[in-house]
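S.K.: A single structure is presented below for examination.
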Amino acid sequence: MKRTEPTLLESISTPSQVAELSDAQLTRLAGEVRQRIVDVVSHNGGHLAPSLGVVELTLAMLATFDLDKDKLIWDVGHQAYAFKLLTGRADRFHTLRTLGGISGFPKIPESPYDHFGVGHSSTSISAALGMALARDLAGLHHHVTAVIGDGALTAGEAFEGLNLAGHMGKRLIVVLNDNEMSISPNVGALSRFLSSTLSRRWVRQARKDVLKFLRSIPSIGQNLALYAMRGESSFKSFFTPGMLFEAFRFTYIGPVDGHNTADLKRHLRMAAAVEDGPVLLHARTHKGMGYAPAEANPAHYHGVGLFTPETGLPVPKTSLVPTFTDVFGKTLLQLAERDDKIIAITAAMPDGTGTKLFKERFPGRFVDTGICEQHAVTFAAGLASRGYRPVVAIYSTFLQRAYDQIIHDVCLQNLPVTFCVDRAGLVGEDGATHHGAFDIAYLRHIPNIRILAPRDEDMLRHCLHTALASGFPCAIRYPRGSGFGVDMEGRQRALPHGVGEIQLDGRSVAVIAVGNRVHPALEAAYLVEKELGFRPLVFDPVWLKPLPEKQLADIVSRFDKLLIVEEGVLAGGFSSSGLEFLSDRGLSRALRVKRVGLPDNFVEHGTQLQLREMLGLCSKGIAQAILELTR
């Protein structure tokens, strides 16, 4: 039997081994890495196109730097799959994003080469600058490198990091991975600035001609060319993004072909040789590089579900039930047809938030702010102050980045901004950085805000209608994934303010279930009926703020056993607000209470079903909690 030759990838167990490879071997290894990423992501889902785009850049950095002492920080982490494969995790890469497997993002406990944990955008420069200062204070001399995507440069924190880095003058390398796309196509003046002049052939030719002329000068020509390439008094700063980064007191190098490993290594060595302050290396890459479907549609393959690797076609869904996100997008469009004051706003995610339909139908009333959640919220407040009804659609985990703006710019001024908080609760395989665990806790204590939690896709329609008509700041939290297949016929209706709905009357135990946990609570009630012969009451509060106080008081007057279920943190969440109300009213003295929700620790990655079963948030877990209350 013929023995199969081991692949280069199989021979790499530490990043230092990459530096020993020839350029030809690096090219071969790049192909193997891409194939492995495609194979695993097709089965597990994940961030495909971003990681495919930085394979050569990853190889070049591992070939240039010694990661046993040099520090490397990835921005967001969407780009880090190749890095994981080449830093001792190739044998576990098949477990990517699965329960108990490796994370989809850099994570310090996972590997000594994950120097900083990331999941949200635009943090790398700030973190790297902190590491550079720590290095200098300790009297060390290693390199610190941050890799940031061009889309992440739309966020304020990235510029705050650039500003302080230039002011402090610390030795720091920033690699700009410029693929002209973050998740959706980039927006804003910066994006146009990064790409506009570089696409002009005469600029590129002029650069080549000037460098050729400088090198031709006897004795000093090569030094002059190097001087120009480093951006000091260079003509190219007038034509390229170099002038922006030079203004921040960075030495600018580039742009360089991000898929030419030899060129990348040479320019990385040039960056590493700069001793007198921070340097930025500008690498141009193609998102999805090496996999034709992802190259053709990088936005779709940014974060992708299961697909067939040979064709790129998605694996057909087993459920035809629409997602909460789809229902939100269609309902918003229907409401906007009747009210021209409705404006849709998202932060770089029109596809993910379901606002793409709105963008296509009402382009003049749609705004994508880029990765700028703080700006999005205050921008919405400005619109609301002039009589408009802005709808800000942002994932729960990203909205927390705009906490101050929600308080001061929206709620303090009592402006009618509607926050559509997508991905509230457990999101699944993206894990701790992306779970919408905290939105109830960080919103409910803000004066003036109203909070709604629809139990299913039909209630989402009515919640959106109610919020837009309320005239107050209002948040609607709803989960990732499919609805429950309920009927959605008829026009949206206004929900009575601060009034919940009894879903199932019963005795002995009262179950108060929040949002998408109402339907599993109903299933649990029937399981309990089979087991114990009685049916518990199931109450949907609908409103998390203001609380349905009269109904809660009535429930505890009839029941001495209370179970509260929420897919959010228990510390400061809905159950906390309910118990505070009962305690303040003196209604909790003879009450036996049990709470089911997210614990006081960060929940890891796994499927939504696996995590809900693990935390007791599925119907069987809720039934078990009811049984425990009766003992």
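One line per residue, one yes/no per condition, for (1) farther than 25 Å from LEU29 by Cβ; (2) surrounded by 15 or more Cβ atoms within 10 Å (Cβ to Cβ):
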{"residue": "ASP257", "(1), (2)": "no, yes"}
{"residue": "ALA283", "(1), (2)": "no, yes"}
{"residue": "LEU313", "(1), (2)": "yes, no"}
{"residue": "MET349", "(1), (2)": "yes, yes"}
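S.K.: Filter segment 262-281 down to residues that are surrounded by fewer than 17 Cβ atoms within 10 Å (Cβ to Cβ) and small (Gly, Ala, Ser) and give me whichever is nearest to GLY169 (Cα to Cα).
M.R.: The qualifying residue nearest to GLY169 (Cα to Cα) is GLY277.
S.K.: Which number in (1) in contact (Cβ under 8 Å) with a residue 24 or more places away in the chain; (2) surrounded by fewer than 21 Cβ atoms within 10 Å (Cβ to Cβ); (3) under 22 Å from ARG612 (Cβ atoms) marks the one condition that TYR526 misses?
M.R.: Tallying (1) in contact (Cβ under 8 Å) with a residue 24 or more places away in the chain; (2) surrounded by fewer than 21 Cβ atoms within 10 Å (Cβ to Cβ); (3) under 22 Å from ARG612 (Cβ atoms), TYR526 fails exactly one: (1).
S.K.: Okay, moving on. List every residue pair whose Cβ atoms lie under 6 Å apart, where the two residues are 6 or more positions apart in sequence or sit on different chains, the first residue falls within segment 373-387 and is more than 15 Å from LEU412 (Cβ to Cβ), and the second residue, located anywhere, is assigned to a loop (DSSP other than H, G, I, E, B).
M.R.: That search, which allows pairs on different chains as well, returns GLU373/ALA347; HIS375/THR369; ALA376/ALA347; ALA376/THR369.
S.K.: Which condition does ALA424 not pass, out of (1) surrounded by fewer than 24 Cβ atoms within 10 Å (Cβ to Cβ); (2) within 27 Å of VAL603 (Cβ to Cβ), if it passes all the others?
M.R.: (1)
S.K.: Within segment 582-612, restricting attention to residues that are surrounded by fewer than 17 Cβ atoms within 10 Å (Cβ to Cβ) and in contact with an Asp or Glu (Cβ under 9 Å, 6 or more places away or on another chain), which residue is modelled with the lowest pLDDT?
M.R.: ALA590
S.K.: Continuing with this model, one more query. List the helices (runs of 4 or more DSSP H) inside segment 54-167, counting only whole elements, that have at least 2 residues being aromatic (Phe, Trp, Tyr), farther than 20 Å from ALA273 by Cβ and assigned by TED's automatic domain parsing to the domain that holds SER42.
M.R.: Passing ranges, in order: 81-84.
S.K.: Going through segment 6-40 one residue at a time, which ones are loosely packed, with under 15 Cβ neighbours inside 10 Å, part of a loop (DSSP other than H, G, I, E, B) and touching a residue at least 24 places away in the same chain (Cβ under 8 Å)?
M.R.: Of everything in segment 6-40, those that are loosely packed, with under 15 Cβ neighbours inside 10 Å, part of a loop (DSSP other than H, G, I, E, B) and touching a residue at least 24 places away in the same chain (Cβ under 8 Å) turn out to be SER13, THR14.
S.K.: Within segment 464-477, take every residue that is part of a helix (DSSP H, G or I) and touching a residue at least 40 places away in the same chain (Cβ under 8 Å) and give me the one that is nearest to the chain's Cα centre (by Cα).
M.R.: Checking each candidate, the answer is LEU464.
S.K.: Exactly one of these conditions fails for ALA271: (1) in a helix (DSSP H, G or I); (2) touching a Lys or Arg at 6+ places or on another chain (Cβ under 8 Å). Give me its number.
M.R.: Condition (2) is where ALA271 drops out.
S.K.: So which of ILE394, ILE446, ILE406, ILE451 is under 20 Å from ILE345 (Cβ atoms) and in a loop (DSSP other than H, G, I, E, B)?
M.R.: Matching residue, one of ILE394, ILE446, ILE406, ILE451: ILE446.
The values are calculated or read from the model by the stated rules, or taken from the named source; none is laboratory data. Just so it is clear, the model here is predicted, and its values are computed rather than measured. Neighbour counts run over all protein chains shown; Cβ positions are idealised from the backbone, glycine included.
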